[in-house]
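Undergrad: Here it is, the structure in full.
The values are calculated or read from the model by the stated rules, or taken from the named source; none is laboratory data. All values reported here derive from a predicted model rather than from experimental measurement. All Cβ positions, glycine included, derive from the backbone under ideal geometry; neighbour counts span all protein chains shown. When the accessible area is computed, the model is the full protein with side chains, heavy atoms only, and any ligands, DNA or RNA have been set aside. Shrake-Rupley method; radii C 1.70, N 1.55, O 1.52, S 1.80 Å.
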Amino acid sequence: MQTSSPTVFAPDWPAIAAVILGVTAFSVAQGLTYPLISLTLESRGYSPALIGVNALAFAGGLAASTLLLGSLTARWRADRLIIASLVGCSLCLATFAASTSFAVWLGARFLLGFFASLIFMLGEAWLSAACPDRLRGRISGAYGAGMCAGFAAGPLAIPLLGSEGGLGFALTAVYLAIVAFATGMLMFSTRTVPEPSSTGAVFRFFRAAPLLVGMVFVFGFADIAAISAMPVYFVKMGYSQAFAAVSVTVLALPTAIAQPFIGLMLDKLPRERVALSAVTVAAASYLILPSMESEIAILAVFALMGTATFSLYTCALTMLGERYNGAMLVAGSAAFALAYAAGSGAGSSVTGAIMEAGGPKAGPLSVGLGLAVFTAALVFARRQSRP
């Protein structure tokens, strides 16, 4: 619980470190599993639409944990739920390594989404509670950098381990179990913990901050389309599986490097203006991707795409902590998770279906058009809010 003014209290550094460690560890797992699951299913002959359905199960798990957030936080402390969720993610990854059944993978993907959502919801609320506003953008940037670095590191295992055999899933499961233990030890030194929330508060947040929720929906849509659908797009366009996997690393690595600078901008410039710039660049990068032929040009566009797309989420997280406190922080983080679930489900399943119906190039073009529409909505909202 935050015990002092949101602008002058001292940062709870152990809590901040614990949250960043936990989210970085899970991001390594997610960065590996999203393209690895897609590429493994594609190599087994499943269609892009069915690959999208598998990713939709992950989004369903995200939504389910959001709806149960109130009862979970009323019964258990948030920090203990984070540790339990890291262990749960480890068990889900072990299931991917042990089974080849599509139905079992659907169930494991659902549970992976459930536990991942708890890590992100509670971790982000805790980060906001532990952080004074004068440092909020920079700490949000450091959080984003850790998350993106994890996404970048995960796919590096694919060219080394391949997309068959389950070794990548097994090694990542062990890694997450070790991080869960380390995170638990670090939590003994923390001074803050997120307050319990309720499902009703989550839906009140939707009404109170529709643009913040919209930013996270758009982020989820574009980010998961890049991580899950674009590797399949590259394979369909004739590129190798190794290139498809490396593209996800190139998507994430420059993003990780850029987030601390984005955080500094959020502490120095109007935060709404930074968000508008981010979504504009993301839309443009998706729209020009189908015209790229050089692998170097494609990777450059992917780097720009990842930086702009994730910066939108860093903006939303910073503005959440700036505008809300107490139980509304958890409610806002839960609303973000639900928006991310909807966005990520649409980003993978809808993009996969569009690619199947209209050809590979229709995928990135459809995402770019969606981002352009949201850019126009932000411009309209900014004009309406001016006196």
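Undergrad: Considering only the range 49-71, I want to know if a residue exists there that is in a helix (DSSP H, G or I), more than 23 Å from ALA339 (Cβ to Cβ), open to solvent by 50 Å² or more (accessible area, probe 1.4 Å) and out of contact with any Cys (no Cβ under 7 Å at 6 or more places or on another chain).
TA: Here is the first cut: in the range 49-71, the residues in a helix (DSSP H, G or I) are 49-67, 69-71.
Cutting the leftovers down to more than 23 Å from ALA339 (Cβ to Cβ) gives us 49-50.
Right, trim to open to solvent by 50 Å² or more (accessible area, probe 1.4 Å) and you get 50.
Filter once more, keeping what is out of contact with any Cys (no Cβ under 7 Å at 6 or more places or on another chain): 50.
Looking for residues that are in a helix (DSSP H, G or I), more than 23 Å from ALA339 (Cβ to Cβ), open to solvent by 50 Å² or more (accessible area, probe 1.4 Å) and out of contact with any Cys (no Cβ under 7 Å at 6 or more places or on another chain), one finds at least one in the range 49-71, hence yes.
Undergrad: Please enumerate the residues belonging to the range 96-111 that are over 22 Å from the mean Cα position of the chain (by Cα) and open to solvent by less than 50 Å² (accessible area, probe 1.4 Å). Walk me through how you get there before you give the answer.
TA: Kept after step one, since they are over 22 Å from the mean Cα position of the chain (by Cα), are these residues of the range 96-111: 97-104.
Within the range 96-111, ALA97, SER99, SER101, PHE102 meet the criteria.
Undergrad: Among the residues of the range 72-82, how many are surrounded by fewer than 20 Cβ atoms within 10 Å (Cβ to Cβ) and either over 21 Å from THR190 (Cβ atoms) or touching a residue at least 12 places away in the same chain (Cβ under 8 Å) (or both)? Lay out the reasoning, then the answer.
TA: Our first condition is that a residue be surrounded by fewer than 20 Cβ atoms within 10 Å (Cβ to Cβ); within the range 72-82, this holds for 72, 74-77, 80.
Next, from what is left, pick out any that are either over 21 Å from THR190 (Cβ atoms) or touching a residue at least 12 places away in the same chain (Cβ under 8 Å) (or both): 72, 74, 77.
Matching residues across the range 72-82 total 3.
Undergrad: Could you list, in sequence order, the residues of the range 355-369 that are closer than 18 Å to SER291 by Cα and either basic (Lys, Arg) or in a helix (DSSP H, G or I) (or both)? Spell out the reasoning first.
TA: Step one: of the range 355-369, the residues closer than 18 Å to SER291 by Cα are 355, 358-369.
Once the filter is applied, which keeps residues that are closer than 18 Å to SER291 by Cα and either basic (Lys, Arg) or in a helix (DSSP H, G or I) (or both), the range 355-369 yields MET355, GLY358, LYS361, ALA362, GLY363, PRO364, LEU365, SER366, VAL367, GLY368, LEU369.
Undergrad: Among the residues of the range 241-255, what is the count of those that are surrounded by fewer than 17 Cβ atoms within 10 Å (Cβ to Cβ) and within 16 Å of the chain's Cα centre (by Cα)?
TA: Of the residues in the range 241-255, the ones surrounded by fewer than 17 Cβ atoms within 10 Å (Cβ to Cβ) are 242.
Imposing the further condition that a residue be within 16 Å of the chain's Cα centre (by Cα) reduces the set to none.
Result for the range 241-255: 0.
Undergrad: Picking from ALA327, ALA258, which residue would you name as being buried (at least 20 other Cβ atoms within 10 Å of the Cβ) and in contact with a helix residue (DSSP H, G or I) (Cβ under 8 Å, 6 or more places away or on another chain)? Outline the logic, then answer.
TA: Working: ALA327 fails: buried (at least 20 other Cβ atoms within 10 Å of the Cβ).
Going through ALA327, ALA258 in turn, the sole match is ALA258.
Undergrad: Is it fair to say LEU93 is under 16 Å from the mean Cα position of the chain (by Cα) and crowded, with 24+ Cβ neighbours inside 10 Å? Walk me through it before giving the result.
TA: Values: under 16 Å from the mean Cα position of the chain (by Cα): no; crowded, with 24+ Cβ neighbours inside 10 Å: yes.
Judged against the criteria, LEU93 is not a match.
Undergrad: Please find, within the range 295-314, the residue that is surrounded by the fewest Cβ atoms within 10 Å (Cβ to Cβ) out of those that are aromatic (Phe, Trp, Tyr) and under 14 Å from the mean Cα position of the chain (by Cα).
TA: Only one residue fits best here, namely TYR313.
Undergrad: I need a count of the residues in the range 188-229 that are small (Gly, Ala, Ser), crowded, with 23+ Cβ neighbours inside 10 Å and more than 24 Å from ALA15 (Cα to Cα).
TA: Just the residues of the range 188-229 that are small (Gly, Ala, Ser), to begin with: 189, 197-198, 200-201, 208-209, 214, 220, 222, 225-226, 228-229.
Restricting the remaining residues to those that are crowded, with 23+ Cβ neighbours inside 10 Å gives 197, 220, 222, 225-226, 228-229.
Add one more test, that the residue is more than 24 Å from ALA15 (Cα to Cα), and what stays is 220, 222, 225-226, 228-229.
Looking only at that region, the number is 6.
Undergrad: Then there is this: Working only within the range 315-324, note down all residues that are of a type outside the set (Gly, Ala, Ser), surrounded by 21 or more Cβ atoms within 10 Å (Cβ to Cβ) and part of a helix (DSSP H, G or I).
TA: Across the range 315-324, the qualifying residues are CYS315, LEU317, THR318, MET319, LEU320.
Undergrad: Conditions first: (1) open to solvent by 10 Å² or more (accessible area, probe 1.4 Å); (2) closer than 24 Å to LEU320 by Cβ; (3) among the aliphatic types (A, V, I, L, M). ALA125 passes all but one, so which condition is the exception?
TA: With respect to (1) open to solvent by 10 Å² or more (accessible area, probe 1.4 Å); (2) closer than 24 Å to LEU320 by Cβ; (3) among the aliphatic types (A, V, I, L, M), ALA125 is out only on (1).
Undergrad: Counting only residues that are among the small types (Gly, Ala, Ser) and assigned to a helix (DSSP H, G or I), which one in the range 99-115 is farthest from SER43 (Cα to Cα)? Before the answer, list the steps.
TA: Start the filter on the range 99-115 by keeping residues that are among the small types (Gly, Ala, Ser), which leaves 99, 101, 103, 107-108, 113.
Narrowing the set further to residues that are assigned to a helix (DSSP H, G or I) leaves 103, 107-108, 113.
On the way: ALA103: 17, GLY107: 20, ALA108: 20, GLY113: 23 Å.
Per the criteria, the residue is GLY113.
Undergrad: Right, something else. Would you be able to tell me the number of residues in the range 329-387 that are of a type in the set (Ser, Thr, Tyr) and touching a Pro at 6+ places or on another chain (Cβ under 9 Å)? So that I can check it myself, show each step before the final result.
TA: First, the residues of the range 329-387 that are of a type in the set (Ser, Thr, Tyr): 333, 340, 344, 348-349, 351, 366, 375, 385.
Filter once more, keeping what is touching a Pro at 6+ places or on another chain (Cβ under 9 Å): 333, 351.
Residues meeting the conditions: 2.
Undergrad: If you take the residues in the range 337-364 that are among the polar types (S, T, N, Q) and more than 14 Å from the chain's Cα centre (by Cα), which one is least open to solvent (accessible area, probe 1.4 Å)?
TA: So in the range 337-364, the residues among the polar types (S, T, N, Q) come out as 344, 348-349, 351.
Going one step further and asking which of them are more than 14 Å from the chain's Cα centre (by Cα), we end up with 349, 351.
Working: SER349: 30, THR351: 1 Å².
In this case the residue turns out to be THR351.
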